[in-house]
Amino acid sequence: MSDWLFDLGNSRFKAARWETGGGIGDVLAWPHGADALVAGDASQGPLPRGRHAWLASVAAPALTAQVLALLRERFEQVHVARTLAECGGVRVAYAQPQRLGVDRFLALLGARTIGGDVLVAGVGTALTIDLLGADGRHHGGRIAASPTLMRQALHQRAVQLPAAGGVYAEFADDTEAALASGCDGAAVALVERSLREAADRLGRVPPLVMHGGGAGPLLPLLPQAALRPALVLEGLATWARAHGAPAA
């Protein structure tokens, strides 16, 4: 019987088997919606079954409840991750730790396993940026709209502005490219400013680690970045170990 890690975000549902020795297996993904999760799809199949399921969710309460019900049908025990003031060598900056999104918290736990200072940037529905010191101290962070959300918001207010498409350019010569350049560029500028401010605070430039479904298009514009697409799931494994669960 296997143990599984699940990450229910605002736009995707991801999972990975918790391997013997503490690593994680290949990351699977399903579309949102309980019906889709039950049926699965041609590439991923239905939700797995096993012994322990560990869930991190930032989705709406109704969808979270649906997913929990599905997992409880398939696993002997289901555990829900929560943000804590301290865990896995990380000390959260928030005076009220529960107000820090569990996805950001788990990304910090995942980044802690890298060692040293780390600036963590997650690109999903939102763009989140958090600074973690080599001593495990969380220095706080930022939340902004991701490039995808920026495009969608502009399209909703001005339907003639397409919600997708275009190629990044420093000075674009058509509207789609200008939208891509402006929205991607805004995200890149915020990350670059955060790197500069982090260097001033720490006395050194921290490595940049990125994760999330929207990170890929920004990587060519941030060549110093390392991509860790499963960072939240890696942090969830740390959270599970800290709560007395052995690796599968």
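For segment 102-111, indicate whether the set of residues that are among the β-branched types (Val, Ile, Thr), closer than 18 Å to residue 222 by Cα and surrounded by 16 or more Cβ atoms within 10 Å (Cβ to Cβ) is non-empty. Please lay out each step first, then the result.
Within segment 102-111, the subset among the β-branched types (Val, Ile, Thr) is 102.
Imposing the further condition that a residue be closer than 18 Å to residue 222 by Cα reduces the set to none.
Among the residues of segment 102-111, not one is among the β-branched types (Val, Ile, Thr), closer than 18 Å to residue 222 by Cα and surrounded by 16 or more Cβ atoms within 10 Å (Cβ to Cβ), which makes the answer no.
Name the residue that is modelled with the lowest pLDDT, counting only residues in segment 17-43 that are surrounded by 16 or more Cβ atoms within 10 Å (Cβ to Cβ) and closer than 15 Å to residue 213 by Cβ.
Step one: list which residues in segment 17-43 are surrounded by 16 or more Cβ atoms within 10 Å (Cβ to Cβ), which gives 17-18, 24-25, 28, 30, 32, 37.
Subset that is closer than 15 Å to residue 213 by Cβ: 28, 30, 32.
Numbers: 28: 90, 30: 81, 32: 67.
Among them, the one singled out is 32.
Can we say residue 135 is closer than 21 Å to residue 199 by Cβ and either surrounded by fewer than 17 Cβ atoms within 10 Å (Cβ to Cβ) or touching a Pro at 6+ places or on another chain (Cβ under 9 Å) (or both)?
On the way: closer than 21 Å to residue 199 by Cβ: yes; either surrounded by fewer than 17 Cβ atoms within 10 Å (Cβ to Cβ) or touching a Pro at 6+ places or on another chain (Cβ under 9 Å) (or both): yes.
Considered against the rule, which asks whether it is closer than 21 Å to residue 199 by Cβ and either surrounded by fewer than 17 Cβ atoms within 10 Å (Cβ to Cβ) or touching a Pro at 6+ places or on another chain (Cβ under 9 Å) (or both), residue 135 comes out as yes.
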request  = From the list 98, 160, pick out the single residue that is part of a loop (DSSP other than H, G, I, E, B) and on the phi < 0 side of the Ramachandran plot.
outcome  = 160
ask   = Do the conditions hold for residue 75, that is, is it out of contact with any strand residue (DSSP E or B) (no Cβ under 7 Å at 6 or more places or on another chain) and closer than 26 Å to residue 50 by Cβ?
value = no
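Check 110, 122 and return the single one that is in a strand (DSSP E or B) and under 13 Å from the mean Cα position of the chain (by Cα). Don't jump to the end; show me each part of the working.
Values: 110 fails: in a strand (DSSP E or B).
Answer to the check: 122.
Would it be correct to say that residue 129 is part of a loop (DSSP other than H, G, I, E, B), β-branched (Val, Ile, Thr), in contact (Cβ under 8 Å) with a residue 12 or more places away in the chain and touching a strand residue (DSSP E or B) at 6+ places or on another chain (Cβ under 8 Å)? So that I can check it myself, show each step before the final result.
Numbers: part of a loop (DSSP other than H, G, I, E, B): no; β-branched (Val, Ile, Thr): yes; in contact (Cβ under 8 Å) with a residue 12 or more places away in the chain: yes; touching a strand residue (DSSP E or B) at 6+ places or on another chain (Cβ under 8 Å): yes.
Judged against the criteria, residue 129 is not a match.
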inquiry  = Can you find a residue that is buried (at least 20 other Cβ atoms within 10 Å of the Cβ), in contact (Cβ under 8 Å) with a residue 24 or more places away in the chain and within 22 Å of the chain's Cα centre (by Cα) anywhere in segment 149-167?
reply    = yes
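The values are calculated or read from the model by the stated rules, or taken from the named source; none is laboratory data. Just so we're clear, the structure is a prediction, and the values are computed from it rather than from any experiment. Don't worry about glycine lacking a Cβ; one is built from the backbone with ideal geometry, like all the others, and counts go over all protein chains shown.
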